[in-house]
Every structure is written in C-alpha cells, then in structure tokens.
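First comes the structure, then the notes that go with it.
The values are calculated or read from the model by the stated rules, or taken from the named source; none is laboratory data. Source: prediction; values computed, not measured. All Cβ positions, even for glycine, are placed from backbone atoms using ideal geometry, and neighbour counts span all protein chains on display. Calculation scope for accessible area: heavy atoms of the full protein, side chains included, ligands and nucleic acids excluded. Shrake-Rupley method; radii C 1.70, N 1.55, O 1.52, S 1.80 Å.
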Amino acid sequence: MPISSGARIGPYEIVAPIGAGGMGEVYRAKDPRLGRDVAIKVLPASFSADPDRLRRFEQEARAAGVLNHPNITAVLDVGEHEGAPYVVQELLEGETLRQALAGGRLPARKAIDYAIQIAHGLAAAHGKGIVHRDLKPENLVVTRDGRVKILDFGLARMTHAEEGVSGATNLPTATAGTEPGMVLGTLGYMSPEQVRGKPADARSDIFSFGAILYEMLAGQRAFKGDSAADTMSAILREDPPDISVTNQNVPPGLERIVRHCLEKSPEQRFHSAHDLAFDLEALSGTSAARPGTAGPDAVRAAVRFPRAWLAVSAASAIAAGILLGHLVWKPAKPASPSYRRLTFRRGNIGTARFAPDGRSVVYGASWEGQPIEIYTTRPEGPESTPLGVKNADLRSVSASGELAISLREHFLAGPAGVGTLATVPIGGGAPRSLAEFIEGADWTPDGKELAVARYLEGRYRLELPVGKLLYAAEHSLRAVRFSPRGDRIAMFERSPQGASLQTVDLAGKKTVLVKDGIRGQSLAWAASGEEIWFDDRGERGQFVINAVDRAGRVRTLVTLPVGMLVHDISRDGRVLVERYESQPGILGLMSGGERERSLSWFDGSSLAGLSDDGKTLLIDELGEATGRMGAYYLRQTDGSAAVKLGEGRAMDLSADGKWVLARVSGSARDLTLQPTGTGTPIVLDERGLERVTAALIFPDSKQLLIAGAETGKKPRLYVQDLASRTLRPITDRGYGLSERPISPDGGWVAAYGDWNEDMFLLPVRGGERGSIPGSRDLDLIRWAADGKFLFAAVTGSIPARLVRVEVATGRREAWKDLAPPELSGIIQVLPVFMTPDGKSYVYGYARSATSDLYLIEGLR
C-alpha cells in the first residue's frame, strides 16, 4: 500500500511519491535532523519474510554505504518499516539515462563524457570489492549539472525477477546471493556469464557498460530479440551491428572500446574499469586530474597561483624560475659529444631507463595519440618492441630486470604524472600493484626495495620502503633517484618559486644542493656517484644540462638549442636524454569581437592577469627572449604592442588595471606594487614572513591577499592592509588560490583544500568557514559581478569546459568551451581570465610537440 504524504518512516517524513516498480516504491522525504531532502526506497515486504535474505540485503546496502564517489549515489541509511526494509539515498534532481535516450542516440562527445563518469564510478566500487550486477540506463541518473550517478549498488545484487514478464527482453532477474546456476541482471544488459548463471565479477559490469555505451552511440540496444530467449541467445552468440551503420560520426577508436567491453569471454574484456576510463579519457583528451586518477600536482593543498606550470611538465618555457644563486665552480670543458637518435615515431616520451645489460633501453611512450605503454629498444636498430604493458609508464628498472611502473597514467609530457605503483618482470607478465598516488619511484641499487614519492594523508612523502616515511616534504617531490652507492636519494622538491635539488640520506636528513629556481624536469646520478646531472635553463633562457656535486657546486656540461631532459646515465657514462619542444600561447576574445585573437608576445608568454574592463593584459615572459629571470609586460587586448614593466615574475593585475603586483627579484618574500601609468613603485618588505608563495590584490586595491608562512610555521593565508602595512592571518592552515578568488565585496575568499574536498569559502572579516557543494572537480576562474555566482573550469578538461556555478547551492550550468582551433599536442588550457560579466576572456595554453630519445656519448 502506498505511503501517504506526512507519514514517517523511521526519522524521515514522507513528502511525495517519486515512482514505483518491481523493487518497491521510491519516495521523496525530509530528514528533519539535518534539514535535507532524501530519497527513500521501500523494498517489497517479501524481503523480510526471508531472514537470511534480509540479512544479506542489509549487508549489501551497508557495503554500498561505504562508497564515497561523485559518480555513485550515496547510501545514507537502511532500516525497516512495517515489515518492509528500506534504504535511504541522496535525492537526485535530473533524469535517468533511459529518459535521456528517449530522443535517440546521444552526440559522441556527450556519450564519452557520460561513459567516463560511469567508468570512474565503477572503478571506485570495484576497488571496494562491490560489483553492481544490474547496470542499465534505468540505474543511471544524469543530474541537472551533467553529473552521472550510478544507482543501487548493493541493491541490484538482491533484486528478484518480477513475476509475469517472462517474455520481456528488459526482464530484471537476480539471485539472492552469488551461487552458480542462478541468473542475475537485466536481459539486454546482462553479460554472457550472467546468462549462463555463472558468478559475475567486475568484468560483468564492464560488459553491461559496453551495452549501455553502444546504446548511447547507436540509438538502439546492442542485444534485443523478440523474446527473452532470443535476447539471451544474442548475448551468448552474436555481435551487435557496427555502430557506424546508424552513426557515422563515432570515432573508430571509440567503437573499438565498445567492442572490447562486449567481448563474450571475460578474459578478453578490459581488465578493470580503471583501464576502461583511461582509454576513454585518452580518446577524449581529458586529463587525469580528477579524483582517483590524479595526484600531487592536482592536490589543492599546494598554492595554485600562478597556475601555468601545473601539469605541463615539458612546457618549461612557462615554468617558474628565479636566479640560481650558486657558485659555478668549474668552467664547462669544450665538448664534442655524439648524439644518436633512438626513437622515430610521432608522439611523446614518458620515462626512460637503461636496462641491466647497459645497452638496451626501456621507456614509456604515447605514439600517434595512443595510450601510453612500455617499450624496449637498442641503439643498433630503429625498431622499438612493446612489452605488452599498456596504460602504464616506466618508473625504474632494477638490477635483476624488474620494472617499477605507474599504471593507468594519462600522458603528461616529460617524466611526470601520478598513478598506481606496480611491478612487472622486464620480460612481461601481469603487473602487481603496490601503492597508489605515486609520483616517483626508484629501486635501491641491489633491487630489493623501492623508494617512492607520493601524496598521502595530507602530506608529501618520501618513503623507503613503500609505506615507511623517510622524509616529509612541504611541496611535491619529483624525479626520485638512488645514488649508485645506495647512501642517498636525489630529487626535486617543487614550489611556486621553482624547484630545488636535494638529497636525503637513509636517516631522513635533507641536504639542499641547488636552491629554488631550477626550471628543469629530470635528473640522474653520474656513474661515479659524485655528481647529479640535471636539465635546466641558462641565464638567457637557453637549455642547458648542468652537474652539481655533493658539496653543491654547479657546472654546465652543455648548452643546447632545444629542450633536453636527462633520463639516465649508464655505468660507462653514456647519457639517455629526451629532446622536446613546447609552445605556450595566449588567446582571447573581447566583447563584440567575432573570433579569438592571439595575444602572445615572445616565446614564453604566460598569462598573469586581465583588468575588469577587459582592455589590459598582464603577461609573464619566461622564454629565451627574456632570459632566466624573466620579465613581465602589459599589453592592450586590442593587439597593440606589449610594454615591458620590469624583470622577474608578475603576480597580479589590479581590477582597475592601474597596479601590477610582482615579486622583488631574488627575494622569497618581498613584493612590489608598480603603477601601470605614472608614479613610483611601492616595495613591500614582508618581514613577518619567511616566504610568500602567492599574492593577490583585493578588488578595491586597498588590501592584499597573501599565501605565505612565518619562520618555522606552517603556511596560511593573510590579509595585508596597504595603508598601515599590517599583516593579519585569516586562516590557521594553507589553502590553494586560483585566478580571482576574492569576492567583489572583498568579504570572501574561495580557496582549495585537498583534492577530495569541495571549494572552501573563507571569511575575510571573521565568521564561519563555508563551502560550495559539489565543487571538488572545479578550478575557480573568478567571482561574477553579483557575488552570487562563480565562473569555473572542470578540472583537467581539454577543451577547457567552463561552467557558471551558484555559490549557495553549487548548481552549475554550462557556459563555454575554450581551446585553440588546433588541438593536436595541447596538454593544458589554463589559466583563464575574464571580465566580471563574462563577455570578454583570455586564456593560456600549452602545446607539447613531439619528443624523441637520444643517446649521448662523450659528454663530460
């Protein structure tokens, strides 16, 4: 009997019915304890007639309740009402995928977007050992803001067949458990093993996923017969028609993914939903900076202004840098090294190492736009041989030939990126996963242990062995390498001022060899163990390979006309390097304009600010044209010539375009306010702070928002009054800042915590901290003029997918997609600046050209 409005189920007050079906009735209800609306699904009373079945239902529902993922409907509570069990879930506003498909097939782009979200949700559940077993369009909800939510994890496993519909091809059937011989699922979306009554695991969900993706693209079901028997026969024996028969706009790569999901044998399908999500994202061009696939560079505990260097490992032309400040202790010897090219395909290199024999080379690469995988080659011939380890990049090769790899990585140019650490023999085999969120790893010289850099439990960590903290860092760690003697580990520690090169001994003691300012990406120990070689930029911005000894003395080995990354050095002194090129740029569209205009200036243009009237642009130049120290320029968005304001790094442009905030050259803390017209610069000596990592001008130009740290204390946010120069902390911890985080009235700062937290709202004048619901996947661009909305970009998307977000509710609506006309090689579209009304905008981008491996001999 239906439950009337106003009735209570446990502590919940029924508001109105939502729907009913074979699984029972669903109601909208109010939770008076938290003042929120929820959805209550009251299951048939027959569930309680079987105590064992009821027990299993409660067990499954509680298991589903541990899932916390943006693409899985949250299970909030379970209970029993008048003999019938019920489950309480978050209330979703939107439509089921079945309703979305009522009008026919979806555009390929939208289908891929939905598919990626579903795959991420499945991966999260499978990682907890939970399999859906009844995935179908009716169990997928598309919310009003475009989020796909998977319904009924833990419930699908418990559902039974509806009576009297045995001839329907959408027949829901199930078993109370997982016993062989019992049919479980929904005909049309069931896997072959489910049809046969065999146990269903995560690969069964992947088959169902494939049937759903097929339907989204083709506009018809993959398997549908005149009767249930015909449908079951099709699932077991037939392949669905080619999608191109009904939809010629589907890329061949996408159709291959669908076919791979719909393999009859579970062993021939994708091995995991993680792999499936990776392939879909590689096809779409999206980034790995989403929860579950992203790591330290996407972790928002780090200050995020300026933003341009994030996730653009090879684009060192736009990386942060200041003067090296170390003694050059020995002049570079004249050298005539020889260079031999090892790779000849079009694509990008990940990480490369010499094999134990000292001749062969093992490397990760993404060729011709395909997912990254691992190859081996030798200098004697041009061919590279795949090792059969796909969706992975190399990290290290042990003395015995064991590979340390990073699974399910999206390609990031250069030896960077975050993934799941695994090991696999060099001869191939199934990878064995060890740990998540690994950014760097290297074997000990004896090959018995691994040192790893990772972000875990709110800390950047160097671990030896995996899981045991050796050193806690303030910033992310890169390029972890053991010395040949096994006594020290070398690495870069990144900060907004650039990278420092340091070593940590086996007791966890750190020694800084080159302080903040390195603009390179990779390093390797010389065979002697006395020096570390690393790539960097010279005084005039040219590419160099430097060496630093254990005392911190630096020398230049070679100066190069193109970028070179140092990957490895063999025992006989041969050097494995990667040649790369990168191309940053700036595009913009002004109010009333018809097409975007290039607003780049020299070879290393990085976007730093835009005035609120959209007329004035602030540009950082960090390429060869301006040298190592860089320079900052003002340029009018009408395309007129740029005007140099000073050397160093610009940090912000005031809303009225009258002031530029920059870092005093060579200082870690001091700032300067420079007028864009006539007037005298104001130097701000931040003596209360040991360092400043970011600084922004308030909308009224009377205060500064500063991210920094006092001596011996942790980072936090401060407000500085420009009249009195007083510095006042407004938080007790550090937060990440983006382009325009301050509200128009100056009362709130939108900031980032960790990667799995929503965007915070921090009060400037005192009060309780708030947050923006559902914003953890967003990168803030700016507040809208009314202070009620934000403009933001969906993390990692290429093109940059911009949305307009209501601050109070988190409700979002699509606003605009931004990207250069030619997407080939684009690895980032950020930062974005716009006017408060959204009518004018500018954005930066980074394009990675192809890269190749070279072997250098004779470099000393």
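Taking amide H as placed 1.01 Å from N in the peptide plane, ASP779 has its amide H under 5 Å from the amide H of ALA793, VAL794, THR795, each at least 5 places away in sequence or on another chain. A straight chain from SER701 to GLU95 at 0.36 nm per residue would run longer than the Cα-Cα distance by 213.6 nm.
Quick one: with all protein chains in place, what share of the accessible area of the range 606-691 is carbon or sulfur, to the nearest percent (1.4 Å probe)? Could you put the intermediate results ahead of the total?
Working: 1530 of 3170 Å².
For the range 606-691, the apolar C and S fraction of the accessible surface comes to 48 percent.
Annotation: extensible slack from GLU813 through LYS448 equals 126.2 nm (criterion: 0.36 nm per residue apart, minus Cα-Cα distance). Each residue was assigned an accessible area with a 1.4 Å probe, and for PHE760 the value is about 20 Å². A Förster distance of 41 Å, applied to the separation of the beta-carbon atoms of SER665 and LYS509, puts the FRET efficiency at 0.85.
Once the mean 1/r over all distinct Cα pairs of the range 657-789 is inverted, what Kirkwood radius in angstroms do you read off? Let's see the in-between values first.
Numbers: mean 1/r = 0.0645 Å⁻¹.
Here the Kirkwood hydrodynamic radius works out to 15.5 Å.
Remark: the range 467-566 carries 31 Å² of accessible area per residue (probe radius 1.4 Å; ligands, DNA and RNA excluded). The label-point distance for ARG346 and ARG36, in a model that sets each label 7 Å from Cα toward Cβ, rounds to 5.0 nm. Cross-link candidates for LYS149: which lysines have Cα within less than 30 Å, leaving aside residues fewer than 8 places away along the same chain? Those lysines meeting the cut-off are LYS30, LYS41, LYS110, LYS128, LYS136, LYS198, LYS224, LYS264, LYS390, LYS788, LYS816. Using the Cβ-Cβ distance between ARG571 and ARG8 with R0 set to 60 Å, the FRET efficiency from 1/(1 + (r/R0)^6) comes to roughly 0.20.
For the peptides 135-142, 196-203, the ranking by mean Cβ contacts within 10 Å, running from highest to lowest, is 135-142, 196-203.
Which percent of the accessible heavy-atom area of the range 443-575 goes to carbon and sulfur, probe 1.4 angstrom?
Details: 2210 of 4520 Å².
Exposed carbon and sulfur together represent 49 percent of the surface.
Sorting 670-680, 343-353 by their mean Cβ neighbour count within 10 Å, with the most densely packed peptide first, gives 343-353, 670-680. Per-peptide packing, taken as the mean over residues of other Cβ atoms within 10 Å, places 503-512, 801-810 in the sequence 801-810, 503-512 from highest down.
The lysines whose alpha-carbon is closer than 20 Å to the alpha-carbon of LYS714, local same-chain residues fewer than 8 away aside, are LYS509, LYS510, LYS515. Here the Karplus curve 6.51 cos²θ - 1.76 cosθ + 1.60, taken at θ = phi - 60°, turns the phi angles of the range 444-456 into couplings of 5, x, 7, x, 9, 9, 10, 9, 9, 10, 7, 10, 8 Hz, with x standing for Gly and Pro.
Taking amide H positions as modeled 1.01 Å from N, with prolines and chain starts lacking one, the residues under 5 Å from GLY630 and 5 or more places away or on another chain are GLY648.
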